[in-house]
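One structure is given here, and the rest of the page talks about it.
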Amino acid sequence: MYDMVAIALSGVQRFISESRSTADLRAGSLLMSQLAAATVTAVGTFGPGADVIIPGPGSGRGTPNRVVARTGAGHGRDLAEHMEAEARQAWREHERKLWAKPRNGAEDVGSSHRAESVPSTAGFPVIQWVVVGPDPAGYAEQWGRAMSALAARKRIRSFEVPPVSQSRMCSLTGRWPALGSPPAGARNVRRDEALSVPGHVKRRLSRDARQGFSSTWSIATAPFRAGLHATFDFAIGASLVAAYERGQAQAVLLRAVKVTLDVHCATAGALAIKPISSARNIGFIFFNLDI
């Protein structure tokens, strides 16, 4: 006989959508997956007799926002609280990293910002759970009761509204107050951008991952660029560009010029390249597509 624990992270889609770039989207998704993964790890550290039902082993790189586990009868509440605590601790570590400073090759929270003084995020993460005791009718009935109870629990919201001493809101999320100035561990903050703690966490995670991610423009123009490749023979254009670059390499190095190429693709196979203008102190090439 065992208790079934169903735990869910709410507000996933909203948190992910609070983004300004595809890198922000990816970071938001990765953060929520990491918090869910912390609940899964917590089951393994809870003690013998506890195991994970969902997600199953080998379910992929990401962890879903709903996790179901079981443990001995009478211990379900303890397991649920342990899972929630581990997820909140995982988020707290992300918050602390914003004020971390390099020290002896590792990151440490500086003396000016002790761990307890690092700002926390009000009302986040939103973690909801239910515990269903043993059911004489068997596993299927217990599962059905757990899913019904979790759905009902998600319709009940608790609100944490701490006092805020400033009025400027985060320009990324729009629901948390922005910090007065970026913390020492902030990354990828744009000029005149005011971010909250979750906003800075997203940007730092994106930077720390050090994995390239397609820009918003490249994703938006992907169908158009795919159509160009399907319509025109770019092998001709590539060979012409390569020849031009070889001929102009010495001049570019000496004068440090910018060469703008105007690529006209009026009809299939009619590809003409010509230099348009030059300017000093810029050493890369622009391609203007005029279709």
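The values are calculated or read from the model by the stated rules, or taken from the named source; none is laboratory data. A quick note: this is a predicted structure, and the numbers were derived from the prediction, not measured. Cβ coordinates were reconstructed from backbone atoms using ideal geometry, including for glycine residues, and neighbour counts include every protein chain displayed.
Please find, within segment 116-151, the residue that is farthest from M4 (Cα to Cα) out of those that are aromatic (F, W, Y) and part of a helix (DSSP H, G or I).
Taking the candidates together, the pick is Y139.
Determine whether segment 162-173 contains at least one residue that is touching a helix residue (DSSP H, G or I) at 6+ places or on another chain (Cβ under 6 Å), surrounded by 17 or more Cβ atoms within 10 Å (Cβ to Cβ) and either in the same structural domain as R26 (by TED's automatic domain parsing) or among the hydrophobic types (A, V, I, L, M, F, W, C) (or both).
Taking every residue of segment 162-173 in turn, at least one turns out to be touching a helix residue (DSSP H, G or I) at 6+ places or on another chain (Cβ under 6 Å), surrounded by 17 or more Cβ atoms within 10 Å (Cβ to Cβ) and either in the same structural domain as R26 (by TED's automatic domain parsing) or among the hydrophobic types (A, V, I, L, M, F, W, C) (or both).
The rows are residues; the columns are (1) assigned to a helix (DSSP H, G or I); (2) surrounded by fewer than 20 Cβ atoms within 10 Å (Cβ to Cβ); (3) under 16 Å from the mean Cα position of the chain (by Cα); (4) not aliphatic (A, V, I, L, M).
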| residue | (1), (2), (3), (4) |
| --- | --- |
| D24 | yes, no, yes, yes |
| M32 | yes, no, yes, no |
| A36 | yes, no, yes, no |
| T39 | yes, no, no, yes |
| T45 | yes, yes, no, yes |
| I53 | no, yes, no, no |
| G56 | no, yes, no, yes |
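Restricting attention to segment 152-167, does a residue exist that is assigned to a helix (DSSP H, G or I) and over 24 Å from the mean Cα position of the chain (by Cα)?
Scanning segment 152-167 turns up at least one residue that is assigned to a helix (DSSP H, G or I) and over 24 Å from the mean Cα position of the chain (by Cα).
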